[in-house]
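One structure below.
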Amino acid sequence: MNNPGTPTFDQLKIFLAIVETGSFAAAGRKLHRAVSVISYGIGNLEAQLGLPLFEREGTRKPRLTIAGRAVLAEARTVSHGIDGLRAKVKGLLDGLEAEVDLAVDVMLPAEKLGKILRAFAVEFPTVQLRLHVETLGAVVAMVLDGAAAIGLSGPLFAGVDGIESVAAGAVLMVPVAAPDHPLGRMAQIASGAGRDFTQLVLTDRSRFTEGQDYSVMSPKTWRLADLSAKHALLREGIGWGNMPLPMIEADLVAGTLIRLDMPDHKGGMYRFAGIWRRDTPSGPAGSWLVDSFARLDLDDQPSFGLSDI
């Protein structure tokens, strides 16, 4: 069994330069090397691998052999990996984070989050991102406990010691039910009618929501820790509840959910904030995310005369 040697990165760089420029002389000019050095480097690479990489007979320009074409793809992969390594190390030397842990409130519309993270990937290609989508007070808990460097929290961050924040827009929450739910079938909903039916309520296990209710009207509740599950149960007609308008707009158009015109419960604005620990300032990538969340405020519509939830 033949075992090839281990080529050096310099040898691979010479190989790629020849392929990209089309000749040994042009590769020498690109790398600021003499042609003899280029020829020597390729000779050593072919000796290491035990394969001819270029056909030199009968052609003015070096042409890849079948083996050379196979090696080319791997050489490019190695080169890209080295470039990525160098960029990451440079970023670390410049103070750029290697990775960012981000906790985001589940109420944030996915479209807005997607746009920000797409731009983040372009701006910071070497920074890894860990995304946690959490409910209510769990975002604050993750930031305080150090599990996330920054968070996009709902209003539960207010008054929490050690947290700094910047306003980051809001989402409209509206009461909805399935069309076959008793509330959905009412032409006119009387004040207090919501108390007679099960209300589906989003909850979490964080210490910031323990013993607290938010926009809960009915004494009959089902408590859910997952917004998607709440959405599904609302569509099944199991109860009524508040949902972020962007998440259920398609349901309102299709008629799978009905927006409830409740005189004593019109809905309200669920406000977001970018948050971080006061004693742990963000690096360049984290700060960029916080600034991007803050600009969400510019996209908001007026509060429709509704109070905050």
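Coordinate-derived values only; no laboratory data. These numbers come from a predicted model, not from an experiment. Please note: Cβ atoms are built from the backbone with ideal geometry, for glycine as well, and neighbour counts cover all protein chains shown.
With angles folded into 0 to 90 degrees, how steeply does helix 66-93 sit against the dominant principal axis of the chain? Use alpha carbons for both and round to 10.
Compared with the principal axis, the helix lies near 60 degrees.
Of all DSSP beta bridges in the chain, what percent run antiparallel (nearest 5)?
60 percent
For the stretch 139-149, what does the Karplus curve 6.51 cos²θ - 1.76 cosθ + 1.60, with θ = phi - 60°, yield as ³J(HN,Hα) per residue in whole Hz, taken in order and with x for Gly and Pro?
Residue by residue, the stretch 139-149 yields 5, 4, 4, 5, 5, 5, 7, x, 6, 9, 6 Hz.
Largest first and in whole Å, what are the equivalent-ellipsoid semi-axes of the chain based on the Cα gyration tensor, each being the root of 5 times an eigenvalue?
They are 60, 23, 16 Å, listed largest first.
So between Asp161 and Ser191, what do we pick up on full extension, going 0.36 nm a residue minus the alpha carbon distance?
6.9 nm
Excluding same-chain pairs closer than 8 in sequence, count the lysine pairs in the chain whose Cα atoms lie under 23 Å apart.
Taking the chain as the scope, the lysine pair count is 9.
Which FRET efficiency value, to the nearest 0.05, is calculated for Ala47 and Asp83 with the Förster distance at 30 angstrom and r the Cβ-Cβ distance?
In this case the efficiency is close to 0.70.
Would you work out the relative contact order for the chain, in percent, from Cα pairs under 8 angstrom that are 6 or more residues apart?
So the answer I get is 19 percent.
Compute the long axis of helix 9-21 from its Cα atoms, compare it with the longest principal axis of the Cα atoms of the chain, and write down the angle in degrees, 0 to 90, nearest 10.
So the inclination is approximately 90 degrees.
I want to check the label-to-label distance for Thr6 and Glu249. Put each point 7 Å from Cα in the C-beta direction and report it in nm to one decimal.
The answer from the label model is 5.6 nm.
Report the net charge of residues surrounding Pro219, where surrounding means a beta-carbon distance below 10 angstrom and charges are Lys +1, Arg +1, Asp -1, Glu -1.
The answer is +1.
Before anything else, pin down the relative contact order of the stretch 142-275: Cα pairs under 8 Å, at least 6 apart, normalised by residue count, whole percent.
So the answer I get is 46 percent.
Helix-only mean residue ellipticity at 222 nm, the chain, DSSP H runs n ≥ 4 weighted -39,500 (n - 2.57), per residue, nearest 500. What is it?
Counting only the DSSP helices, I get -12000 deg cm²/dmol.
With r defined as the distance between the Cβ atoms of Arg63 and Leu129 and R0 fixed at 35 Å, what FRET efficiency is calculated, to the nearest 0.05?
Approximately 0.20, to the nearest 0.05.
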